[in-house]
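Structure first, commentary second.
The values are calculated or read from the model by the stated rules, or taken from the named source; none is laboratory data. Since we're looking at a predicted model, the values are computed, not measured. Ideal geometry is used to build each Cβ from the backbone, glycine not excepted, and the neighbour counts take in all protein chains shown.
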Amino acid sequence: MSAQRHWTFTILFASLLGMGADWPEWRGPRGTGHATEQLNVPLEWSQERNIAWKTPLPGPGNSTPIVHGDQVFVTCAADDGKTRSLISYSRHHGEQLWRRDVRFEGVELTHATNPACASSPVTDGHRVFCWHGSAGFFAYDMAGNELWRKDLGAFEHIWGNASSPVIVDDVVVLSAGPGLRAFVIALNAQSGDEVWKFEPKESISSKVDEFRGSWSTPVTANVDGRKQLLLSLPNRLYSLDPHDGQSIWSCAGLGDLVYTSPLVGDGFVVAMSGYGGPSLAVRTSEASGDITKSHRLWWLDQKADNPQRVGSGVLIGDYVYLYNEPGLMWCIEAKTGKRMWEERLGGTSWCSAAVVDGYIFISNEAGDTFVVAAEPNACRVLQKNSLGELMRASQAFVDGQIFARTYEHLYCIAAVE
(Lines give C-alpha, C1' and ligand atoms only; values in the text may rest on other atoms or scores of the structure.)
Protein backbone atom coordinates (compact mmCIF):
# COMPACT_ATOMS: atom_id res chain seq x y z
CA MET A 1 0.00 0.00 0.00
CA SER A 2 1.36 3.42 -0.95
CA ALA A 3 1.98 5.99 1.77
CA GLN A 4 -0.81 8.26 0.44
CA ARG A 5 -3.33 5.38 0.33
CA HIS A 6 -2.24 4.35 3.82
CA TRP A 7 -2.94 7.87 5.12
CA THR A 8 -6.32 7.95 3.35
CA PHE A 9 -7.28 4.63 4.90
CA THR A 10 -6.14 5.85 8.30
CA ILE A 11 -8.25 9.00 8.12
CA LEU A 12 -11.31 7.00 6.95
CA PHE A 13 -10.83 4.49 9.75
CA ALA A 14 -10.46 7.32 12.24
CA SER A 15 -13.82 8.78 11.22
CA LEU A 16 -15.47 5.38 11.70
CA LEU A 17 -14.04 5.06 15.20
CA GLY A 18 -15.66 8.34 16.26
CA MET A 19 -14.79 10.91 18.90
CA GLY A 20 -15.47 8.55 21.80
CA ALA A 21 -12.12 6.86 21.12
CA ASP A 22 -10.08 10.03 21.40
CA TRP A 23 -7.66 11.65 23.86
CA PRO A 24 -7.14 14.79 21.74
CA GLU A 25 -5.01 16.98 24.01
CA TRP A 26 -2.78 16.92 27.04
CA ARG A 27 -4.96 15.69 29.93
CA GLY A 28 -7.71 14.33 27.75
CA PRO A 29 -10.99 15.43 26.15
CA ARG A 30 -11.51 18.42 28.46
CA GLY A 31 -7.96 19.08 29.58
CA THR A 32 -8.80 17.99 33.12
CA GLY A 33 -7.34 14.48 33.27
CA HIS A 34 -10.83 12.93 33.29
CA ALA A 35 -11.99 10.37 30.77
CA THR A 36 -15.53 11.26 29.71
CA GLU A 37 -16.76 7.68 29.32
CA GLN A 38 -16.06 4.12 30.44
CA LEU A 39 -12.87 2.97 28.69
CA ASN A 40 -12.21 -0.47 30.27
CA VAL A 41 -8.45 -0.03 30.31
CA PRO A 42 -6.15 -2.59 31.95
CA LEU A 43 -5.30 -2.14 35.62
CA GLU A 44 -2.21 -4.36 35.50
CA TRP A 45 0.80 -4.42 33.18
CA SER A 46 4.56 -4.89 33.01
CA GLN A 47 7.19 -5.50 30.35
CA GLU A 48 5.96 -9.10 30.24
CA ARG A 49 2.21 -8.50 30.47
CA ASN A 50 -0.43 -6.51 28.57
CA ILE A 51 1.96 -4.72 26.21
CA ALA A 52 0.19 -4.70 22.83
CA TRP A 53 3.16 -3.02 21.17
CA LYS A 54 6.05 -0.68 21.82
CA THR A 55 8.14 1.30 19.39
CA PRO A 56 11.43 3.15 19.88
CA LEU A 57 11.35 6.95 19.80
CA PRO A 58 14.03 9.06 18.08
CA GLY A 59 14.78 10.98 21.27
CA PRO A 60 13.81 11.50 24.92
CA GLY A 61 11.02 13.83 25.93
CA ASN A 62 8.38 14.91 28.41
CA SER A 63 5.43 15.57 26.09
CA THR A 64 2.31 13.43 26.26
CA PRO A 65 0.89 11.38 23.37
CA ILE A 66 -2.53 12.36 22.05
CA VAL A 67 -4.93 10.09 20.16
CA HIS A 68 -7.48 10.62 17.40
CA GLY A 69 -9.00 7.68 15.57
CA ASP A 70 -6.23 5.32 14.54
CA GLN A 71 -3.48 7.90 15.01
CA VAL A 72 -1.26 8.51 18.03
CA PHE A 73 0.68 11.77 17.82
CA VAL A 74 3.90 12.49 19.71
CA THR A 75 6.29 15.45 19.63
CA CYS A 76 9.94 14.52 19.91
CA ALA A 77 13.36 16.11 19.54
CA ALA A 78 16.58 14.56 18.28
CA ASP A 79 20.11 15.83 17.58
CA ASP A 80 20.19 17.80 20.85
CA GLY A 81 17.06 19.67 19.85
CA LYS A 82 18.16 20.55 16.33
CA THR A 83 15.54 18.21 14.82
CA ARG A 84 12.04 18.78 16.19
CA SER A 85 9.33 16.40 15.09
CA LEU A 86 5.66 15.60 15.13
CA ILE A 87 5.21 11.88 14.56
CA SER A 88 2.04 9.91 13.79
CA TYR A 89 1.84 6.24 14.77
CA SER A 90 -0.88 3.69 14.15
CA ARG A 91 -2.91 3.29 17.32
CA HIS A 92 -3.57 -0.40 16.69
CA HIS A 93 -0.25 -1.57 15.25
CA GLY A 94 2.39 0.93 16.32
CA GLU A 95 3.99 1.52 12.94
CA GLN A 96 4.99 5.05 12.02
CA LEU A 97 2.46 6.57 9.61
CA TRP A 98 4.31 9.82 9.02
CA ARG A 99 6.89 12.13 10.56
CA ARG A 100 7.36 15.84 10.01
CA ASP A 101 10.74 17.27 11.00
CA VAL A 102 11.66 20.91 11.57
CA ARG A 103 15.31 21.88 11.70
CA PHE A 104 16.37 24.44 14.30
CA GLU A 105 19.97 25.58 14.14
CA GLY A 106 19.70 28.32 16.76
CA VAL A 107 20.45 28.17 20.47
CA GLU A 108 17.55 27.57 22.84
CA LEU A 109 18.37 27.05 26.50
CA THR A 110 16.70 24.33 28.54
CA HIS A 111 17.36 22.08 31.51
CA ALA A 112 18.84 18.60 31.01
CA THR A 113 15.64 17.12 32.48
CA ASN A 114 13.47 19.00 29.98
CA PRO A 115 14.48 18.09 26.40
CA ALA A 116 13.12 20.20 23.54
CA CYS A 117 9.57 19.47 22.35
CA ALA A 118 8.16 19.18 25.87
CA SER A 119 4.93 20.75 24.60
CA SER A 120 2.24 18.18 23.72
CA PRO A 121 0.27 18.42 20.46
CA VAL A 122 -3.49 19.01 20.21
CA THR A 123 -6.02 18.06 17.52
CA ASP A 124 -9.55 19.00 16.52
CA GLY A 125 -9.88 15.91 14.33
CA HIS A 126 -9.15 17.87 11.15
CA ARG A 127 -5.83 19.44 12.06
CA VAL A 128 -3.08 18.71 14.53
CA PHE A 129 -1.13 21.59 16.11
CA CYS A 130 2.24 21.61 17.84
CA TRP A 131 4.57 24.19 19.34
CA HIS A 132 8.30 23.59 18.86
CA GLY A 133 9.44 26.53 21.02
CA SER A 134 11.76 28.92 19.20
CA ALA A 135 11.40 26.81 16.03
CA GLY A 136 7.77 27.95 15.68
CA PHE A 137 4.14 26.87 15.85
CA PHE A 138 2.85 24.40 13.24
CA ALA A 139 -0.44 23.10 11.88
CA TYR A 140 -0.79 19.90 9.83
CA ASP A 141 -3.73 18.02 8.40
CA MET A 142 -4.30 14.46 9.55
CA ALA A 143 -2.20 13.09 6.67
CA GLY A 144 0.79 15.19 7.71
CA ASN A 145 0.53 17.95 5.12
CA GLU A 146 1.67 21.28 6.50
CA LEU A 147 -1.17 23.80 6.55
CA TRP A 148 0.62 26.77 8.09
CA ARG A 149 3.42 27.76 10.42
CA LYS A 150 3.79 30.75 12.72
CA ASP A 151 7.05 32.27 13.90
CA LEU A 152 6.44 33.36 17.50
CA GLY A 153 10.02 34.49 18.02
CA ALA A 154 12.79 33.23 20.28
CA PHE A 155 12.15 32.00 23.82
CA GLU A 156 14.91 32.23 26.39
CA HIS A 157 14.81 30.61 29.81
CA ILE A 158 17.37 28.32 31.41
CA TRP A 159 14.71 25.63 31.99
CA GLY A 160 13.14 25.72 28.53
CA ASN A 161 9.40 25.56 27.85
CA ALA A 162 6.58 23.02 28.15
CA SER A 163 3.09 24.54 27.97
CA SER A 164 0.80 22.81 25.48
CA PRO A 165 -1.69 24.46 23.10
CA VAL A 166 -5.46 24.10 23.59
CA ILE A 167 -8.30 24.53 21.11
CA VAL A 168 -11.24 26.80 21.91
CA ASP A 169 -13.88 26.89 19.18
CA ASP A 170 -12.09 28.24 16.08
CA VAL A 171 -8.85 29.36 17.75
CA VAL A 172 -5.84 27.57 19.18
CA VAL A 173 -4.44 29.14 22.35
CA LEU A 174 -0.88 28.91 23.65
CA SER A 175 0.69 30.20 26.85
CA ALA A 176 4.07 31.00 25.29
CA GLY A 177 7.17 31.39 27.41
CA PRO A 178 8.61 31.51 30.00
CA GLY A 179 11.55 33.90 29.96
CA LEU A 180 12.38 37.27 28.52
CA ARG A 181 9.28 36.99 26.34
CA ALA A 182 6.11 35.51 27.78
CA PHE A 183 2.53 35.95 26.59
CA VAL A 184 -0.72 34.14 25.87
CA ILE A 185 -1.69 34.11 22.20
CA ALA A 186 -4.72 32.92 20.22
CA LEU A 187 -4.28 31.95 16.56
CA ASN A 188 -6.97 31.30 14.00
CA ALA A 189 -7.04 27.52 13.65
CA GLN A 190 -7.59 27.64 9.91
CA SER A 191 -5.10 30.33 8.90
CA GLY A 192 -2.66 30.81 11.80
CA ASP A 193 -3.42 34.53 11.94
CA GLU A 194 -3.19 36.18 15.33
CA VAL A 195 -6.61 36.77 16.92
CA TRP A 196 -5.54 38.23 20.26
CA LYS A 197 -2.57 38.47 22.59
CA PHE A 198 -2.41 38.84 26.39
CA GLU A 199 0.86 39.99 27.99
CA PRO A 200 0.76 40.19 31.80
CA LYS A 201 3.90 41.85 33.08
CA GLU A 202 4.24 39.35 35.96
CA SER A 203 5.06 36.58 33.48
CA ILE A 204 8.15 38.22 31.97
CA SER A 205 11.60 37.53 33.40
CA SER A 206 14.23 40.20 33.76
CA LYS A 207 17.00 37.73 32.83
CA VAL A 208 17.17 34.24 31.38
CA ASP A 209 18.18 32.62 34.67
CA GLU A 210 15.56 34.31 36.83
CA PHE A 211 13.46 31.81 38.76
CA ARG A 212 10.21 33.08 37.25
CA GLY A 213 7.78 31.68 34.73
CA SER A 214 4.85 29.43 33.96
CA TRP A 215 5.03 26.04 32.27
CA SER A 216 1.32 25.52 32.95
CA THR A 217 -1.18 24.62 30.22
CA PRO A 218 -4.44 26.65 30.16
CA VAL A 219 -7.79 24.98 30.87
CA THR A 220 -11.06 25.87 29.16
CA ALA A 221 -14.26 25.44 31.17
CA ASN A 222 -17.75 26.77 31.58
CA VAL A 223 -17.44 28.86 34.72
CA ASP A 224 -20.41 30.69 36.21
CA GLY A 225 -22.36 30.05 33.00
CA ARG A 226 -19.67 31.45 30.72
CA LYS A 227 -16.86 29.87 28.71
CA GLN A 228 -13.57 30.93 30.30
CA LEU A 229 -9.87 30.25 29.86
CA LEU A 230 -8.12 29.60 33.19
CA LEU A 231 -4.39 30.28 33.45
CA SER A 232 -1.96 29.79 36.30
CA LEU A 233 0.74 32.40 35.73
CA PRO A 234 3.47 33.84 37.97
CA ASN A 235 1.90 35.53 41.01
CA ARG A 236 -1.67 35.40 39.71
CA LEU A 237 -4.50 33.10 38.59
CA TYR A 238 -6.33 34.56 35.58
CA SER A 239 -9.64 33.97 33.84
CA LEU A 240 -9.74 35.24 30.25
CA ASP A 241 -12.47 35.45 27.67
CA PRO A 242 -11.15 32.96 25.08
CA HIS A 243 -12.72 34.91 22.21
CA ASP A 244 -10.96 38.25 22.76
CA GLY A 245 -8.31 37.62 25.45
CA GLN A 246 -9.78 40.16 27.88
CA SER A 247 -9.35 39.46 31.59
CA ILE A 248 -12.61 38.50 33.29
CA TRP A 249 -11.12 38.17 36.77
CA SER A 250 -7.82 37.45 38.49
CA CYS A 251 -6.60 36.45 41.93
CA ALA A 252 -3.20 37.14 43.47
CA GLY A 253 -1.33 34.61 45.56
CA LEU A 254 0.62 32.26 43.31
CA GLY A 255 4.42 32.16 43.42
CA ASP A 256 7.00 33.16 40.84
CA LEU A 257 7.14 29.61 39.41
CA VAL A 258 4.12 27.64 38.21
CA TYR A 259 4.04 24.20 36.58
CA THR A 260 0.57 22.76 37.28
CA SER A 261 -2.69 23.62 35.52
CA PRO A 262 -5.75 25.02 37.32
CA LEU A 263 -8.32 22.52 38.60
CA VAL A 264 -11.88 23.64 37.91
CA GLY A 265 -14.69 22.47 40.17
CA ASP A 266 -18.36 23.29 40.66
CA GLY A 267 -18.18 26.95 41.60
CA PHE A 268 -14.48 27.06 42.46
CA VAL A 269 -10.97 26.81 41.02
CA VAL A 270 -7.82 25.45 42.72
CA ALA A 271 -4.37 26.64 41.63
CA MET A 272 -0.89 25.67 42.84
CA SER A 273 2.62 27.04 42.47
CA GLY A 274 5.82 25.10 41.99
CA TYR A 275 9.10 25.23 43.91
CA GLY A 276 7.34 25.35 47.30
CA GLY A 277 5.26 28.38 46.36
CA PRO A 278 1.70 28.99 47.60
CA SER A 279 -1.52 27.22 46.70
CA LEU A 280 -5.02 28.68 46.73
CA ALA A 281 -8.67 28.31 45.79
CA VAL A 282 -11.20 30.87 44.63
CA ARG A 283 -14.98 31.02 44.43
CA THR A 284 -16.06 31.79 40.88
CA SER A 285 -19.67 32.89 41.32
CA GLU A 286 -20.13 36.52 40.20
CA ALA A 287 -16.35 36.95 39.90
CA SER A 288 -15.11 40.08 38.16
CA GLY A 289 -11.92 42.14 38.29
CA ASP A 290 -9.44 41.53 41.11
CA ILE A 291 -11.13 38.93 43.34
CA THR A 292 -8.22 38.38 45.74
CA LYS A 293 -10.05 39.80 48.75
CA SER A 294 -13.62 39.01 47.79
CA HIS A 295 -13.49 35.46 46.41
CA ARG A 296 -10.36 33.71 47.69
CA LEU A 297 -11.44 30.69 49.72
CA TRP A 298 -8.02 29.82 51.12
CA TRP A 299 -4.34 30.54 50.63
CA LEU A 300 -1.50 28.37 51.96
CA ASP A 301 1.98 29.86 51.77
CA GLN A 302 4.04 27.59 54.07
CA LYS A 303 6.41 25.13 52.40
CA ALA A 304 5.11 22.32 54.61
CA ASP A 305 1.80 22.69 52.76
CA ASN A 306 3.43 23.06 49.36
CA PRO A 307 6.02 20.48 48.29
CA GLN A 308 7.49 20.90 44.84
CA ARG A 309 4.68 20.33 42.33
CA VAL A 310 5.31 19.69 38.64
CA GLY A 311 2.51 17.36 37.53
CA SER A 312 -1.12 18.42 37.87
CA GLY A 313 -3.57 16.68 40.16
CA VAL A 314 -7.18 15.73 39.51
CA LEU A 315 -10.33 17.09 41.08
CA ILE A 316 -12.97 14.51 41.97
CA GLY A 317 -16.01 16.09 43.56
CA ASP A 318 -14.77 18.24 46.42
CA TYR A 319 -11.33 16.63 46.68
CA VAL A 320 -7.99 17.15 44.93
CA TYR A 321 -5.74 14.12 44.47
CA LEU A 322 -2.17 14.86 43.46
CA TYR A 323 1.26 13.27 43.38
CA ASN A 324 3.80 15.82 44.60
CA GLU A 325 7.24 15.76 42.97
CA PRO A 326 8.99 14.16 46.01
CA GLY A 327 6.76 11.08 45.68
CA LEU A 328 4.06 12.12 48.17
CA MET A 329 0.46 11.37 47.20
CA TRP A 330 -2.00 13.79 48.82
CA CYS A 331 -5.73 14.22 49.09
CA ILE A 332 -6.86 17.80 49.81
CA GLU A 333 -10.33 19.14 50.51
CA ALA A 334 -10.71 21.58 47.64
CA LYS A 335 -12.85 24.24 49.32
CA THR A 336 -10.79 24.46 52.54
CA GLY A 337 -7.25 23.36 51.64
CA LYS A 338 -7.35 20.79 54.42
CA ARG A 339 -5.07 17.81 53.87
CA MET A 340 -7.11 14.63 54.21
CA TRP A 341 -4.25 12.16 53.90
CA GLU A 342 -0.67 11.73 52.74
CA GLU A 343 1.06 8.60 51.46
CA ARG A 344 4.60 8.14 50.19
CA LEU A 345 4.39 6.11 47.00
CA GLY A 346 8.08 6.34 46.27
CA GLY A 347 10.29 7.82 43.62
CA THR A 348 9.83 11.30 42.19
CA SER A 349 7.18 12.43 39.74
CA TRP A 350 6.61 15.02 37.04
CA CYS A 351 3.56 13.21 35.64
CA SER A 352 -0.03 14.42 35.87
CA ALA A 353 -2.85 12.29 37.23
CA ALA A 354 -5.81 10.93 35.27
CA VAL A 355 -9.20 9.54 36.31
CA VAL A 356 -10.32 6.60 34.18
CA ASP A 357 -13.05 4.05 34.95
CA GLY A 358 -13.32 5.50 38.44
CA TYR A 359 -9.63 4.97 39.29
CA ILE A 360 -6.74 7.43 39.61
CA PHE A 361 -3.71 6.65 37.44
CA ILE A 362 -0.43 8.39 38.33
CA SER A 363 3.17 7.63 37.34
CA ASN A 364 6.66 8.39 38.62
CA GLU A 365 10.01 8.96 36.92
CA ALA A 366 11.01 5.32 37.40
CA GLY A 367 8.21 4.28 35.03
CA ASP A 368 5.92 2.99 37.79
CA THR A 369 2.20 3.70 37.40
CA PHE A 370 0.03 3.47 40.49
CA VAL A 371 -3.68 2.75 40.33
CA VAL A 372 -5.23 4.48 43.34
CA ALA A 373 -8.78 4.40 44.68
CA ALA A 374 -10.52 7.79 44.71
CA GLU A 375 -11.26 7.82 48.42
CA PRO A 376 -10.89 10.91 50.64
CA ASN A 377 -10.54 8.98 53.91
CA ALA A 378 -7.38 6.98 53.18
CA CYS A 379 -4.92 6.19 50.41
CA ARG A 380 -5.55 2.78 48.90
CA VAL A 381 -3.11 1.70 46.19
CA LEU A 382 -4.74 -1.03 44.14
CA GLN A 383 -1.88 -1.78 41.76
CA LYS A 384 1.71 -0.83 40.94
CA ASN A 385 2.76 -1.36 37.32
CA SER A 386 6.40 -1.01 36.31
CA LEU A 387 7.96 -0.41 32.90
CA GLY A 388 11.45 0.23 34.24
CA GLU A 389 12.19 3.22 31.96
CA LEU A 390 12.49 6.92 32.73
CA MET A 391 9.09 8.57 32.37
CA ARG A 392 8.15 12.24 32.78
CA ALA A 393 5.19 12.28 30.39
CA SER A 394 1.58 11.84 31.39
CA GLN A 395 -0.42 9.02 29.82
CA ALA A 396 -3.21 8.97 27.25
CA PHE A 397 -6.29 6.73 27.57
CA VAL A 398 -8.71 5.50 24.92
CA ASP A 399 -11.07 2.54 24.62
CA GLY A 400 -9.21 -0.42 26.12
CA GLN A 401 -5.78 1.14 25.65
CA ILE A 402 -3.24 3.24 27.54
CA PHE A 403 -0.40 5.05 25.76
CA ALA A 404 2.73 5.66 27.81
CA ARG A 405 5.71 7.62 26.59
CA THR A 406 9.09 6.95 28.23
CA TYR A 407 12.49 8.36 27.31
CA GLU A 408 13.03 5.28 25.12
CA HIS A 409 9.71 4.02 23.77
CA LEU A 410 6.08 4.68 23.05
CA TYR A 411 3.99 1.90 24.62
CA CYS A 412 0.49 0.71 23.89
CA ILE A 413 -0.87 -1.03 26.99
CA ALA A 414 -3.90 -3.23 26.37
CA ALA A 415 -5.29 -6.56 27.50
CA VAL A 416 -3.33 -9.25 25.65
CA GLU A 417 -4.45 -12.86 25.87
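Across the range 339-361, what is the number of residues that are in contact with a Leu (Cβ under 8 Å, 6 or more places away or on another chain) and surrounded by 16 or more Cβ atoms within 10 Å (Cβ to Cβ)?
Counting residues in the range 339-361 that are in contact with a Leu (Cβ under 8 Å, 6 or more places away or on another chain) and surrounded by 16 or more Cβ atoms within 10 Å (Cβ to Cβ) gives 5.
Tell me which strands (runs of 3 or more DSSP E) are completely within the range 200-288 and hold 3 or more residues being more than 21 Å from ALA353 (Cα to Cα) and not hydrophobic (A, V, I, L, M, F, W, C), or say none if there are none.
226-233, 236-240
Taking first residues from the range 393-417 that are among the charged types (D, E, K, R) and partners that are assigned to a strand (DSSP E or B), the Cβ contacts under 8 Å between residues at least 6 apart in sequence or on separate chains come to ARG405/VAL74; ARG405/TYR411; GLU408/PRO56. Return yes when LEU297 is on the phi < 0 side of the Ramachandran plot, among the hydrophobic types (A, V, I, L, M, F, W, C) and surrounded by fewer than 19 Cβ atoms within 10 Å (Cβ to Cβ) and no when it is not. Taking the combined requirement at face value, the residue satisfies it. Within the range 104-129, residues that are more than 21 Å from ILE87 (Cα to Cα) reach partners that are among the polar types (S, T, N, Q) and at pLDDT 95 or above with beta carbons closer than 9 Å, at six or more positions or on different chains, in the pairs GLY106/SER134; VAL107/SER134; GLU108/SER134; GLU108/ASN161; THR110/ASN161; THR113/ASN62.
Looking only at the range 385-401, how many residues end up being within 15 Å of VAL41 (Cα to Cα) and over 19 Å from the mean Cα position of the chain (by Cα)? Full working, then the answer.
Taking the range 385-401 and keeping what is within 15 Å of VAL41 (Cα to Cα), we get 385, 395-401.
Restricting the remaining residues to those that are over 19 Å from the mean Cα position of the chain (by Cα) gives 385, 399-400.
Count: 3.
Residues in the range 67-84 that are in contact with a Ser or Thr (Cβ under 7 Å, 6 or more places away or on another chain) and of a type in the set (S, T, N, Q): GLN71, THR75. When TRP350 is tested against the conditions (1) in a loop (DSSP other than H, G, I, E, B); (2) at pLDDT 95 or above; (3) within 26 Å of GLU44 (Cβ to Cβ); (4) touching a strand residue (DSSP E or B) at 6+ places or on another chain (Cβ under 8 Å), the lone failure is (4). Of all residues in the range 289-323, those that are of a type outside the set (Ser, Thr, Tyr) and either assigned to a helix (DSSP H, G or I) or within 20 Å of ARG392 (Cα to Cα) (or both) total 13.
Take PHE183 and tell me if it is free of Cβ contacts under 8 Å to residues at least 24 places away in the same chain, among the aromatic types (Phe, Trp, Tyr) and under 21 Å from CYS130 (Cα atoms). Yes, satisfied.
Scanning the range 34-62 for residues that are touching a residue at least 24 places away in the same chain (Cβ under 8 Å) and of a type in the set (Val, Ile, Thr) turns up VAL41, ILE51, THR55.
Of these, SER216, SER261, SER247, which one is over 30 Å from MET142 (Cα atoms) and modelled with pLDDT of 95 or more?
Details: SER216 fails: over 30 Å from MET142 (Cα atoms); SER261 fails: over 30 Å from MET142 (Cα atoms).
After applying the criteria, what remains is SER247.
Checking each residue in the range 44-88 for being in contact with a Lys or Arg (Cβ under 7 Å, 6 or more places away or on another chain) and among the charged types (D, E, K, R) picks out ASP70, LYS82.
Within the range 80-115, how many residues are part of a strand (DSSP E or B) and either small (Gly, Ala, Ser) or in contact with a Pro (Cβ under 7 Å, 6 or more places away or on another chain) (or both)?
Here is the first cut: in the range 80-115, the ones part of a strand (DSSP E or B) are 83-90, 96-103.
Okay, now just the ones that are also either small (Gly, Ala, Ser) or in contact with a Pro (Cβ under 7 Å, 6 or more places away or on another chain) (or both), so 85-86, 88, 90.
Selection size over the range 80-115: 4.
Every test in (1) out of contact with any Ser or Thr (no Cβ under 8 Å at 6 or more places or on another chain); (2) within 17 Å of GLU194 (Cβ to Cβ); (3) aliphatic (A, V, I, L, M) is passed by ALA112 save one, and that test is (2).
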